[in-house]
1. Helix-only estimate, please: 222 nm mean residue ellipticity of the chain, summing -39500 (n - 2.57) across DSSP H runs of length 4 or more and dividing by its residues, to the nearest 500.
2. With the crude spin-label approximation of a point 7 Å out along Cα→Cβ, what separation in nm comes out for residue 151 versus residue 218?
3. Ordered by packing density, taken as the mean number of other Cβ atoms within 10 Å over each peptide's residues, highest first, how do 107-114, 26-33 rank?
4. Using only the alpha-carbon atoms, how far is helix 225-237 inclined from the longest principal axis of the chain? Give it as 0 to 90 degrees, nearest 10.
5. Grab the Cα-Cα distance for residue 198 and residue 112, subtract it from 0.36 nm times how many residues apart they are, and report the gain in nm with one decimal.
6. When the chain is fully extended, how far beyond the present Cα-Cα distance does residue 49 get from residue 28, taking 0.36 nm per residue of separation?
7. With contacts defined as alpha carbon pairs under 8 Å and 6 or more residues apart, what's the relative contact order of the range 30-110 in percent?
8. Once a ≥ b ≥ c are taken as the square roots of the eigenvalues of the Cα gyration tensor of the chain, is the result rounded (a/c under 1.5), prolate (a/b larger than b/c) or oblate (a/b not larger than b/c)?
Ligand SMILES: NC(=O)c1ccc[n+]([C@@H]2O[C@H](COP(=O)([O-])OP(=O)(O)OC[C@H]3O[C@@H](n4cnc5c(N)ncnc54)[C@H](OP(=O)(O)O)[C@@H]3O)[C@@H](O)[C@H]2O)c1
C-alpha cells in the first residue's frame, strides 16, 4: 500500500463537501494538497483550517473554474509546484446537480452539467498524465448511487455519473501501460451543499430529504463526507487496484426491499 505521506494531491471541488473532507484526510496523513473551486473564500477557508489544525502549509487553495482551460492549466501548475515538482493523485470531486422532468430540460443546462461533471475531469486527466507518469500516479473520479438506483427526474445528473463510471474502466485500460491507475468511489447519500447550490433546497430541506432516505440504506443511515474520503485514500494507495468502482453507500444501492 502506497503511503499518503509526501504525496502531491490535486482535488477539484475542495472548497466544500467531499472534496474538502478529502483535502483534510490526505493533509492529516502528510500529503501536500492543492484544492480548487470557483469561490475563492471557500478554498481559502478550507486551506486555512487544514493548515491551522495540521500546523503546516500542506494545503493550498486556488480559485479556478474547471470548465475554463486556462484555469485548469493554472490549477495543475499550482499543484505540481506545491508538490515540489511532482503530482501523484488527481481527485475530480467538483460536480453540480441538475435535475428535472425530461420534457422540461434545457439544452444549455444539460451541456453545462456535462461540462463540469464529465468533460472538465477528462480534460484535467489529460493535462495531468505527463505529471502522473513519473510518479506512477492515480486519477480518481466520484460516481454516484444514481447509477444503481433510479431517481425519477434526476436523469441529467445520473447520466453524468454513468459516464464517469464507464470512463474509469476505459481510462484504466488506456493508462495502465504507463502505470497510471484510475479509480472511482461511488457514494450514496451524504449531506453537503450540492443540492443547495443548485437552488433545489435550503439546508434544512436538503438535510430532511436525505435523512428521509436513511431507512432505504441497509445500514439505516446516510453517510459522511469523511467516509468517502477514506475510500478515496484507499484507492490512492492501493497499488494493484485499477478500474475499480468502489461503492461506499451504506447499502443504499442494494435496493433493499422488504416484502
Ligand atoms: N453529496 C452526495 O450525496 C453525493 C453523492 C454521490 C456523489 N456525489 C459527488 O461528490 C462530488 C462532490 O460533491 P459534494 O456532495 O461534496 O458537493 P459540494 O459540497 O457542492 O461540492 C462540490 C464542489 O464543486 C465545486 N465546483 C462546482 N463547479 C465547479 C467548477 N466549474 N469549477 C471548480 N469547482 C467547481 C463547488 O465549488 P464552487 O461552487 O465554489 O465552484 C463545490 O465546492 C460531486 O461530484 C458529486 O456529484 C455527492
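Nothing in this text is a laboratory measurement; each read-out follows from the coordinates by a stated rule. The structure presented is a predicted model; accordingly, all values stated were derived computationally and were not measured. For neighbour counting, all protein chains shown are included, and Cβ atoms are generated from backbone atoms with ideal geometry for every residue, glycine included.
1. -13500 deg cm²/dmol
2. Those two pseudo-labels are separated by 2.1 nm.
3. 26-33, 107-114
4. So the helix axis and the longest Cα principal axis differ by about 50 degrees.
5. Extra length available between residue 198 and residue 112 comes to 29.7 nm.
6. 6.4 nm
7. 27 percent
8. rounded
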